[in-house]
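Beneath this line is the structure, given in structure tokens, with notes to follow.
Bear in mind that the values in this text are calculations on the coordinates, not laboratory data. Given the structure is predicted, the values throughout are model-derived calculations rather than measurements. Every residue, glycine as well, gets a Cβ built from its backbone with ideal geometry; the counts of neighbours run over all protein chains shown.
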Amino acid sequence: MTDGFHLVIDALKHNDIDTIFGLVGIPITDLARLAQAEGMRFIGFRHEQHAGNAAAIAGYITQKPGICLTVSAPGFLNGLTALANATTNCFPMILISGSSEREIVDLQQGDYEEMDQLNAAKPYAKASYRINKAEDIGIGIARAIRAAVSGRPGGVYLDLPAQLLAQSLDAEHGKRSLVKVVDPVPRQIPAPDSIQRALDVLKGAKKPLILLGKGAAYAQADADIRAFVENSGIPYLPMSMAKGLLPDNHPQSASAARSYVLAEADVVVLIGARLNWLLSHGKGKTWGAVPKKFIQIDISPTEIDSNVAIEAPLIGDIGSCVAALLKGIADNGHAKPDAAWTGAIAERKDKNMSKMAQTLAASPSPMNFHSALRSIRDILKTRPDINVVNEGANTLDYARSIIDMYEPRKRFDSGTWGIMGIGMGYAIGAAVITGKPVVAIEGDSAFGFSGMELETICRYDLPVVTIIFNNNGVYKGTDPNLNPNVPNDVPVTSFVKGARYDKMIEAFGGIGYNVTTPEELTAALNEAIASGKPSLINAVIDPNAGTESGRLTNLNPQSAAGKK
Ligand code: ADP
Ligand code: TPW
């Protein structure tokens, strides 16, 4: 005989899934034990949100769904934030939660951790399923895997009632019920006329621009994307997580002339990037007065015309679409963009880069974002294999532009939502899945959302170096208290001044550093990377440095309404 527990593990293993991120309790503790006994890795967290984030980033890196396992109601809800974030960012993951007895939940009779989890998950997941019979576990897991990774990837919820796990089944019957997903990420070939249309629009371009999004990084079509950029000679801009798809020091990168190229380009080729808020919805001041024609490559047909009209939609997987464009420009001949266009970009780049070099060269005391990031940049330049996790407001904005990336899928950040709290989850997921070191560059507020996972990092002895940009608060650390009735009350953005985050990791046997100058930061980071040990560097940053909301000041309602 076999049972639900064994069949879930067998079904995952049958599909080459070898790692589960989760947090145990009724009814899934034995499921986690069994996974471990059967040779899978179970990485146990201190909060389900971070297990879910680890699963999501594992999915992004590997194109295989990351698995997060939680208990019912509260554990499920803690994981749901990560599931929603995965869906929003198009990362494939499966949240598997145990659930309470259906008869009691459905009659609302007050079971232990009672909740209608399936319906709660639906608005935030790409798909949601419940398996009720042990003989359906094979097909249920197959369905969840395919839903997560095919087409536009996303988060899938899989509900496993406690009763299901205990159900027995004849072993032979169980074995036959397993399903191996064939071709989980099928190629989706673009229609030839859509390719021709795109080539025609490109041909008419005087000032073309390529925009690479994290969909392009996810697609793992690195060689063809690089060949398309280089053979076409078109300047390109990477979105933050597409940095490194081509090395950031590539001569065609227009990152240092971003505002100029967005305003001036006449034809924009979007490859796996949505025209959402991160690209000012494709209109307005950012996009300037020059009329735009967009060519958009995306696997999701409904992404087209989401914000502005798209002249040439290319629906298909990025690998197939880019290969077809590459062949098109080779067959038809392609005139490289005018030197007037590339020359004007080069001029702006030079100017902006020398201005930035000056800012970076300064060594103010106390240390500011720039001088600290200079130290980190110089070290990471020599270690392109290191994964970088990044969140915060100013810490995110400055690090994104100052830290160059040289390899694809090495930068993981706040993404589509601008969410805080991904830090330690992404760091653990990336370290476990790639076996490579991670440097997490964290605002002090951002770090707080997942800080307890330092224990997880130490427990699994992961090569993660966390650097806290400690400026005593959310954004800055200098706001006044506005409460006339409580003169000593704490300002809304303030934290404990002079906090020593380095002491936190020492509690779990990790190595802590406290640094106040770029030189100390360089020494600490070099040592931490070389040791490969869980480390945390508390980098003391001028509390006056930075701005409220970083570069998003304009999105605060008062500023948006012109009142501030
Ligand atoms: P960014 O935030 O970097 O601009 P987005 O997350 O907004 O990127 O956009 C990613 C886009 O890539 C999504 O619209 C998604 O549908 C698309 N995408 C993801 N994987 C593929 C793929 N393999 N082929 C084509 N499009 C893809
Ligand atoms: C889940 C709102 C955006 S940025 C930020 C918060 C709280 C922290 C900024 O301070 P930090 O960075 O990290 O110290 P820095 O570099 O400016 O000093 N809750 C969630 N997500 C978001 N985005 C917020 C709140 C926010």
| said: Starting from the Kirkwood Rh over alpha-carbon pairs, what translational D in µm² s⁻¹ does the range 90-141 have by Stokes-Einstein at 4 °C and 1.567 mPa s? | reply: 104 µm²/s
| Which of the lysines could a cross-linker bridge to Lys175, judged by Cα under 18 Å and excluding same-chain residues fewer than eight apart? | Lys13, Lys133
| Once you wrap a convex hull around the alpha carbon atoms of the range 2-177, what is its projected area averaged over all directions, in nm²? | 8.8 nm²
| remark: Charge dipole of the chain built from unit charges on the beta carbon (Lys, Arg +1; Asp, Glu -1), centred at mean Cα; most positive-end Cα among Phe91, Ala357, Ser549 is Ala357
| field | Those lysines that a straight Cα-Cα span of less than 22 Å connects to Lys410, excepting residues fewer than 8 apart in one chain | value | Lys64, Lys214, Lys243, Lys381, Lys436, Lys533
| Roughly how many whole Å is it from the C-alpha centroid of the range 226-265 to that of the range 537-555? | 27 Å
| task | Determine which aspartates and glutamates satisfy two conditions relative to Lys206: a Cα distance under 19 Å, and not lying fewer than 8 residues away in the same chain. | result | Glu230, Glu264, Asp266, Glu311, Asp338, Glu347
| Under a point spin-label approximation (7 Å from Cα along Cα-to-Cβ), what is the Met356-Asp266 distance to one decimal in nm? | 2.8 nm
| note | In the neighbourhood of Thr517 defined by beta carbon distances under 13 Å, the net charge of the other residues (Lys, Arg +1; Asp, Glu -1) is -2
| request: Out of all DSSP beta bridges with both ends in the chain, state the antiparallel percent to the nearest 5. | output: 5 percent
| query | How large is the dipole of the chain about the Cα centre if only Lys and Arg carry +1 and Asp and Glu carry -1, each at its Cβ, rounded to the nearest 20 debye? | reply | 1740 debye
| Spatial separation of Cα centroids for the range 111-168 and the range 445-495, in angstrom | 36 Å
| message | Using the Cα centre of the range 157-266 as the reference point, and only Cβ charges (+1 on K/R, -1 on D/E), how large is the resulting charge dipole? Debye, rounded to the nearest 20. | response | 180 debye
| In nanometres, what is the gap between the two model label sites at Thr478 and Glu527, each 7 Å from Cα along Cα-to-Cβ? | 3.1 nm
| Near the amide H of Lys293, under 5 Å away, which other amide H atoms are found, from residues 5 or more places off or on another chain, if H is placed in the peptide plane? | Val267, Val268
| request: Note down the nm distance, to one decimal, between modelled labels 7 Å out along Cα→Cβ at Asp331 and at Gln220. | output: 2.8 nm
| Taking Cα atoms of the chain, Rg/Rh with Kirkwood Rh, to two decimals? | 0.99
| task | Sum up the charges of everything whose Cβ sits under 11 Å from the Cβ of Ala217, counting Lys and Arg as +1 and Asp and Glu as -1, but leave Ala217 out. | result | +3
| If one computes P(r) from the Cα atoms of the range 248-352, what percent of pairs lie at distances over 23 Å? | 35 percent
| remark: Taking a label point 7 Å from the Cα of Glu347 along Cα-to-Cβ, the residues of the range 262-283 whose backbone nitrogen sits under 15 Å from it are 264
